[in-house]
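Remarks on the structure that follows.
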Amino acid sequence: MMGGTSKGIPSEASLALIPTKWSDLKRSLGDASDRTHKYTMYKFLFIMILLLAFFFRLFGINWDEGYHLHPDERMIIMVADRIHLPKTAGEWQTVSTPQSPLNPKFFAYGSFPIYLLKVASWLWGSDNYDRMLFIGRQLSIVFDLGTVILVYLMARMIVKSGSKNKKITSYNLQLKILFPLLSSFFYACSTLPIQSSHFFISDMPLTFLTTLVLYLSLRLTFNRQFSILNSIFLGLSLGLALATKITAILLVVPILTALLIYFLYTRKIKFFVFSSLVILLFAVIAFVATMPYAIIDFPTFKAHTLEQSRMRVDPFVFPFTLQYVNTAPYWYFVKNMVLWGMGLPLGITAVAGTIYVTISLLRRFLSIMRGGEIIHPWDKISILTIFFIIYFLFMGSSAVKFMRYFLPIYPLFCLFGSLFFCQLIERLKLKRISIILMICLIIVLWPIAFTSIYTRTHTRITASEWIYKNVPNEATLGIEHWDDRLPLLISRENKRFVFLEFPLYEADTREKWEMMAEKLEKVDYIIIASNRLYVPLTRLADCNKYPMGRCYPKTAEYYKKLFAGDLGFTKIAEFTSYPTLSIGKLQITINDDSADESFTVYDHPKIMIFKKIKSNNHVGEN
């Protein structure tokens, strides 16, 4: 893997003398005689990276203390909890019908994660709603650790493949040593995968399966001899990915690219056809086995899929997607990834690397058009680049832009960023390892700061405890629809409250505000459990820009008066939990209120409580 004429690395005793310059490291790699110890330090470093990834993902796994505070996770667990094996002869007769007790009757997500959770819970003897929560999160950790390993293996394969070609070995030993390690380190420290590993959502198995398909596609081109097992695993991985999320259909692109490149290398048309059929066959088998009711209950599957697909073109399709109205395609994803999903140092490196690799691919195409060589080592990296570009163009243009939509290409961002970083090291001739370590330390600061939120009690739990302690019994609480109701059912105080729901997502009609005026007159407190409603609704106040029914001038006025204290309510409590970096006595708090709502609303939402001081709710009057 390390290439060149290296025979091994020094004995274990001499590893205590850590080299400080690349020249020392090269010399040590070339002087060792024991080939069996060649990769001892290399493997040790990768194990350390894997342990770091495991720590970030496991730390704070019980962040919501079992209250199921992630709505998507909650929904998956509810569906998994209600499906069951047939218990009677009559139920067994319905297995192949939509009435089967195994039919999730829910296809906003794929069925594979649901069935996987059900089976894992049954094997663990924890087949109930509450225990499924932690089993699911453990599965997410396993999936994402698998992604870390696959990122490492892909980078290693690329370097190993390129070691026989001088055009790629120009990166020298720095690339061979650093590229796989840095690629896996970058992904291990990526904050959005770390956060998402704390939830059991479809995105973590999807990211793993996407990366697995890419890895197996690379293997398809790297192996000069046909491997039926590789094609079988590739088909199974594709089928499971489709049974996780239907957008995985885009993975057909890297598979076809890999088959085409292999054909150009070998000119074996029989392999191309046979391998394609094997992949297709096992993809169908895997999909049907893990999502059978997409076929058996096709009308429901079609209806749910079409409903979800509407989010690509209409941000008004669901209330919780209004935050994406008038957000810039592509840029919104990239901005949130750089600032929050990875952090500035790693995010900038990833974007720079992506631009670098994309330009290299374009140059490759231009070279072919000008009569250059058809077969080139860069073609194998282009399998990843072509998929990245197509996925980026497709998902980046979506009207709805949840940060997690880009999770399947985070591994590629990390690979490309690592490749660019290694090239930068080569060109700038950064010879001291201490400089590299310092840069890695800077990168790891953001995930350290972010995971600090898991050292504190969840804001909704803290707010609930405060309400039970400070709000009188049988008080009337105004809560917002489409958000979690507070206080949570914490039985520490024997208090009961009356809840009135504010339908603020409804169109700004006279009827809505007559009803709101009545409710505001009755409530004693207003509980805002997150920024889910007030952020998008205050942005949609201009009816000259947005049509009637899709603009909220009176709702925006309501929030403006409420926050200013002009509605007869005053803010008496606020609960926040921002990422914080502690360096000795110095604490640096990072306010992430401007991040995509989905980055904060699940595990550290900002909560505000307002108390009525006088009746004065003239908002919404004509």
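We did not get these values from a lab; they are worked out from the coordinates using the rules stated. Predicted model only: the values in this text are computed from it and were never measured. No Cβ is skipped: glycine too gets one built from the backbone with ideal geometry, and neighbour counts run over all protein chains shown.
As a footprinting exposure proxy, order 265, 215 by other Cβ within 10 Å, with the fewest listed first.
Listed from fewest to most nearby Cβ atoms, that is 265, 215.
Which order do the peptides 455-462, 303-310 come out in when sorted by mean C-beta neighbours inside 10 angstrom, highest first?
455-462, 303-310
In whole Hz, with x marking every Gly and Pro, tabulate ³J(HN,Hα) for segment 79-90 from phi via Karplus 6.51 cos²θ - 1.76 cosθ + 1.60, θ = phi - 60°.
Values, residue by residue: 5, 4, 6, 8, 6, 7, 5, x, 10, 10, 4, x Hz.
For segment 289-367, with the dipole built from +1 on Lys and Arg beta-carbon atoms and -1 on Asp and Glu ones, taken about the Cα centre, which of 365, 347, 308 lies farthest toward the positive end?
365
Given 401/560; 335/585; 495/522; 380/401, which pairs have Cα atoms separated by over 22 Å?
Distance filter (> 22 Å) returns 401/560; 335/585; 380/401.
Taking the Cα centre of segment 456-612 as the origin, how large is its charge dipole in debye, to the nearest 20, when only Lys and Arg (+1) and Asp and Glu (-1) carry charge on their Cβ atoms?
About 340 debye.
Could you let me know the centre-to-centre spacing of segment 50-117 and segment 175-224, using Cα atoms, in angstrom?
24 Å
What ranking of 189, 551 emerges when the number of other C-beta atoms within 10 Å of each C-beta is taken as an exposure proxy, fewest first? Let's see the in-between values first.
Values: 189 25, 551 20.
The order, fewest Cβ neighbours first, is 551, 189.
Give the order of 499, 575, 263, 282 when sorted by the count of other beta carbons within 10 angstrom, beginning with the fewest. Please report the intermediate quantities before stating the final value.
Numbers: 499 12, 575 22, 263 16, 282 19.
Neighbour counts put them in this order, fewest first: 499, 263, 282, 575.
By the 4.7 Å beta carbon criterion, which cysteine residues of the chain come out unpaired?
189, 414, 422, 440
Taking 4 °C and 1.567 mPa s as the conditions, I'd like the Stokes-Einstein D for the chain in µm²/s, using the Kirkwood hydrodynamic radius from alpha carbon pairs. Display every interim value, and only then the final one.
Values: Rh = 26.9 Å.
Here the translational diffusion coefficient equals 48 µm²/s.
Any chance you could get the radius of gyration and Dmax over the Cα atoms of segment 377-454, in Å?
16.3, 46
Nothing charged except the Cβ atoms of Lys and Arg (+1) and of Asp and Glu (-1): what's the magnitude of the dipole of the chain about its Cα centre? Round to the nearest 20 debye.
2720 debye
Go through 80-93, 598-611, 348-361 and give me the packing order, highest mean Cβ count within 10 Å leading.
Highest mean packing first, the order is 598-611, 348-361, 80-93.
How far is helix 228-242 tilted off the main Cα axis of the chain, in degrees rounded to 10, range 0 to 90?
10 degrees
Would you work out which of 467, 138, 502 lies farthest towards the positive end of the dipole of the chain, given +1 charges on the beta-carbon of Lys and Arg and -1 on that of Asp and Glu, about the Cα centre?
138
Rounding to the nearest 10 and keeping the result within 0 to 90°, find how far the Cα-based axis of helix 252-266 lies from the longest principal axis of the chain.
Helix 252-266 sits roughly 10 degrees off the main axis of the chain.
Go through 328, 411, 85 and say which Cα lies farthest out towards the positive end of the charge dipole of segment 41-453; charges sit on Cβ, +1 for Lys and Arg, -1 for Asp and Glu.
So the residue furthest toward the plus end is 411.
Which residues' amide hydrogens lie under 5 Å from the amide hydrogen of residue 606, considering only partners 5 or more residues apart or on another chain, with H built in the peptide plane?
When sequence neighbours closer than 5 places are left aside, the close amide H contacts are 531.
Angle check, please: helix 112-124 long axis (alpha carbons) against the longest principal axis of the chain (alpha carbons), in degrees 0 to 90, nearest 10.
90 degrees
Given H placed on each backbone N at 1.01 Å, which residues far from residue 480 in sequence or on other chains put an amide H within less than 5 Å of it?
For residue 480, the qualifying residues are 502, 529.
How big is the shadow of the Cα convex hull of segment 488-582, averaged over all directions, in nm²?
Its average projected convex-hull area is 9.1 nm².
Percent of alpha carbon pairs in segment 172-312 separated by more than 17 Å?
Within segment 172-312, distances greater than 17 Å cover 68 percent of Cα pairs.
Kindly write out, for segment 560-570 in residue order, the coupling ³J(HN,Hα) from the Karplus curve 6.51 cos²θ - 1.76 cosθ + 1.60 (θ = phi - 60°), rounded to whole Hz, with x marking Gly and Pro.
With the stated coefficients, segment 560-570 comes to 4, 5, 4, 5, 7, x, 9, 10, x, 10, 10 Hz.
Suppose the Debye formula is applied to equal point scatterers at every Cα of segment 395-547; what is log10 I(q)/I(0) at q = 0.09, 0.13, 0.15, 0.18 Å⁻¹?
So the normalised log intensities are -0.58, -0.87, -0.99, -1.17.
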